[in-house]
Amino acid sequence: MEIERIRPSLNEDTKPYWDGLKDGRLLFQKCGHCGTIRHYPRQVCSECFSMNVEWIEASGKGKVHTWAVSHHAFHPFFKRDLPMTFVTADMDEGVRVCARLRGDGVIPSIGMPVRVAFERLDDDLTVPVFYPA
Amino acid sequence: MPNILFEKCAISGIGETAYVRGSGKSETALQMEASLRAIADAGLSPKDIDGVIPYATGSAVAEDFITNFGIADLRLSATTPLGGAGCIAAVQNAVGAIVAGIANHVLIPIGRNGYSGARIGSRVQQLPQFRTVGEFEMPLGQIAPVQLYAQMARRHMETFGTKSEHFGKIAVTIREHATMNENTLMTEPLTLEQHQNSRMISDPLRLFDCCLESDGGAAIVISSGERARDLKSKPVYIMGIAEGHPDSPSAITQRPDMTTLGTAKAAPRAFGMAGVDHKDIDVAEIYDCFTYIVLCQLEDLGFCKKGEGGDFVASTSLGLDGPMPINTHGGLLSQAHIIGMNHIVELAKQLRGEAGKAQVRDAKIGLVTGYGDMGDGGVAIMRA
Ligand SMILES: [Zn+2]
């Protein structure tokens, strides 16, 4: 029996982010009032409390803030992927993105430049991944 | 002038079930069993309980206690959804409610089948506090707390030079304490070599950096100090208590300083309320879901500076021969994972002088922490 993958339970606040990924674009929220960029998507700008929001396309460029390598899958779907390297990167826009690191045999370190790419998993789900830049 | 809550309330009763893998009992039954023991320890009748703060994501609600105990007029029902910091947060709420005259005897029960029931890793996704991680990180394969905490630990290691051996020393010491306890899952000592050779779960965190999954229940009763003095057991007074929430509480990956927990905000408040200094703490029960989280809390509590946790752990004994023994019961790492209620119960035992082989000599003032939901911290300072 095929194991179901974990899917995001998206809503009105977050759908544009996932739609962007499907189009091969990494989108961040930008406050429609003061311009502060934020991530993950949420309802209110914590700088000026405006609920006006626009979505901007990110450069996709960042530097490793931290990383870890999973040797245990906590969901059966990911057993085939072990070990999995996760990177959290400081993006040029000032927010962070967490994603799997691709590239054979790459061992990350803090400050290492990375770039975002997109992996289409099926018709409904595309996820961000990192490659060494 | 002392804080309005200073020493106004006390732990009047403590209770625990056996800690096992495979309880054969329902989670609610475990809570009832532990609660009845805590109430009997206080010398109260179950009908005397007029406040209940059950575990926020547990199986039982206050109504279950009204029904089982025949409570005629329950005046306080609340929950504190801070994960492993929830027990300390519940004590803070109980103290506030008692001082305000809302309730007299508040029961705080925990009971869970963490081993034989739904595994911890698989149920976090259901919690609203984990919605953000659930949407943005779990679909990528980052599912369990250990995977997130591994990224926190790595940041600490690369920034400050902290080593896996530092985590190992914490695991070894806490295991040593578990072997002195009769109600414990882990009964054999652990060596640093065994720690270093244990398999990676989420690099840099190894198997022996992770807490146990276990079944069991524990409970306490909080009463006013005045009432507690007339009850059966020696009151353990709450000198200082606080909860703290980290920046970006729902997404560790977005936290400005990934190496600081909510504990750092709670600690100055708890110490300030208690009116004591770090050197006054004789024994500390520190929430130990992962070894790294213990090291990070030692810093956030102020026992050493941020970044110096590795050196502190390497140069200071955390055992019974040291200046401040930690996790004298064996903690979540080696006794059982009872959401930190076992830490509160152990501190009460230490301060009452009832901690058996692991009794810290002349333990007068003690500290207990809670930690959970990716960064929430709770700190309480007590004396008998
Ligand atoms: Zn704004």
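Heavy-atom accessible area of residue B:115 with all protein chains present, probe 1.4 Å, nearest 10 Å²?
Residue B:115 has an accessible surface of roughly 90 Å² with all protein chains in place.
When you take every Cα atom in chain A, what is the radius of gyration, and what is Dmax, the widest Cα pair distance, in Å?
According to the Cα coordinates of chain A, Rg and Dmax are 15.8, 50 Å.
Quick check: net charge around residue B:10, other residues with Cβ under 13 Å of its Cβ, Lys/Arg +1 and Asp/Glu -1?
Summing Lys and Arg as +1 and Asp and Glu as -1 gives +3.
Out of the total accessible area of chain B (probe 1.4 Å, heavy atoms of protein only), what percent is carbon and sulfur?
About 51 percent, which is the carbon plus sulfur part of the accessible surface.
Need one number: nm distance between label points at residue A:79 and residue B:247, each 7 Å from Cα along Cα→Cβ, rounded to one decimal.
Result: 4.1 nm between the two label points.
If you average 1/r over all unlike Cα pairs in the protein assembly as shown and invert the result, what Kirkwood radius do you get in angstrom?
23.6 Å
Over the stretch A:59-133, with the other protein chains present, what is the accessible area per residue in square angstrom, probe 1.4 angstrom?
44 Å²
Using a Gaussian network for chain B with springs between C-alpha atoms less than 10 Å apart, which of these wobbles most: B:267, B:72, B:18?
B:72
Quick one: among B:338, B:88, B:102, which has the greatest mean-square fluctuation in a GNM of chain B with alpha-carbon springs under 10 angstrom?
Looking only at B:338, B:88, B:102, the biggest GNM fluctuation is shown by B:102.
Under 10 Å, Cα contacts only: if you run a Gaussian network model on chain B, which one of B:224, B:12, B:248 comes out with the highest mean-square fluctuation?
B:248
Using a Cα-Cα cut-off of under 17 Å, which aspartates and glutamates could be cross-linked to residue B:364, ignoring same-chain neighbours fewer than 8 residues away?
Counting by Cα, and skipping residues close in sequence, residue B:364 has these aspartates and glutamates nearby: B:7, B:277, B:280, B:282, B:285, B:321, B:346, B:354.
Trypsin sites (Lys or Arg not before Pro) within the stretch B:6-87: which are DSSP loop residues with at most 16 other Cβ atoms inside 10 Å?
Hits after loop and neighbour filter: B:21, B:75.
Averaged across orientations, what area in nm² does the convex hull of the alpha carbons in the stretch A:1-52 project?
Taking a quarter of the hull surface, the average projection is 4.5 nm².
Expressed as a rounded percentage, what relative contact order does chain A have, with Cα pairs under 8 Å and six or more residues apart?
22 percent
List for the stretch A:69-112: residues with 20 Å² or greater reduction in accessible area, all protein chains versus chain alone, probe 1.4 Å?
When all protein chains are present, A:69, A:70, A:71, A:72, A:74, A:78, A:86, A:88, A:96, A:98, A:110 each give up 20 Å² or more of accessible surface.
Which whole number gives the average, over all residues in B:142-150, of C-beta atoms from other chains lying within 10 Å of the residue C-beta?
What the average comes to for B:142-150 is 5.
Taking a probe of 1.4 Å, how large is the accessible area per residue of the stretch B:1-127, in Å²?
I get 40 Å² per residue for this part.
Per-residue counts of other Cβ atoms within 10 Å, averaged by peptide: what ranking do you get for B:374-382, A:13-21, highest first?
Highest to lowest by the protection proxy: B:374-382, A:13-21.
Any chance you could count the Lys pairs in chain A whose alpha carbons are under 27 Å apart, treating pairs 8 or more apart or on different chains as valid?
Close lysine pairs found across chain A: 9.
What does the charge count near residue A:59 come to, summing +1 for each Lys or Arg and -1 for each Asp or Glu among other residues with Cβ under 10 Å from its Cβ?
It works out to a net charge of -1.
What number results when the radius of gyration of chain B, computed over Cα atoms, is divided by 2.2 N^0.38 Å?
Cα-based Rg divided by the globular estimate yields 0.91.
Out of the total accessible area of the stretch A:59-133 (probe 1.4 Å, heavy atoms of protein only), what percent is carbon and sulfur?
Exposed carbon and sulfur together represent 49 percent of the surface.
Starting from a Cα-only point model with no solvent, please compute log10 I(q)/I(0) by Debye for the stretch B:53-166 at q = 0.23 1/Å.
-1.25
Between residue B:180 and residue B:75, with labels modelled 7 Å along Cα→Cβ, what's the label distance in nm to one decimal, could you check?
Reported label-point gap for residue B:180 and residue B:75 is 4.0 nm.
In Å², what does the accessible area per residue of the stretch A:10-57 work out to with a 1.4 Å probe?
Result: 55 Å² of accessible area for each residue.
Need the full-extension length gain, residue B:226 to residue B:18, defined as separation in residues times 0.36 nm minus the C-alpha distance. One decimal, nm.
Taking 0.36 nm per residue and subtracting the Cα distance, the gain is 71.8 nm.
Mind grabbing the interface size between B and A? I mean buried accessible area, both sides, 1.4 Å probe, in Å² to the nearest hundred.
Result for this pair: about 3000 Å² buried.
Go ahead and estimate [θ] at 222 nm for the protein assembly as shown from helices alone: -39,500 (n - 2.57) per DSSP H run with n ≥ 4, summed, over the residue count, rounded to 500.
-8000 deg cm²/dmol
The values are calculated or read from the model by the stated rules, or taken from the named source; none is laboratory data. This one's a predicted model, so the numbers in the text were calculated from it and none came from an experiment. All Cβ positions, even for glycine, are placed from backbone atoms using ideal geometry, and neighbour counts span all protein chains on display. To get the accessible areas, we keep the full protein, side chains included, count just its heavy atoms, and leave off ligands, DNA and RNA. Shrake-Rupley method; radii C 1.70, N 1.55, O 1.52, S 1.80 Å.
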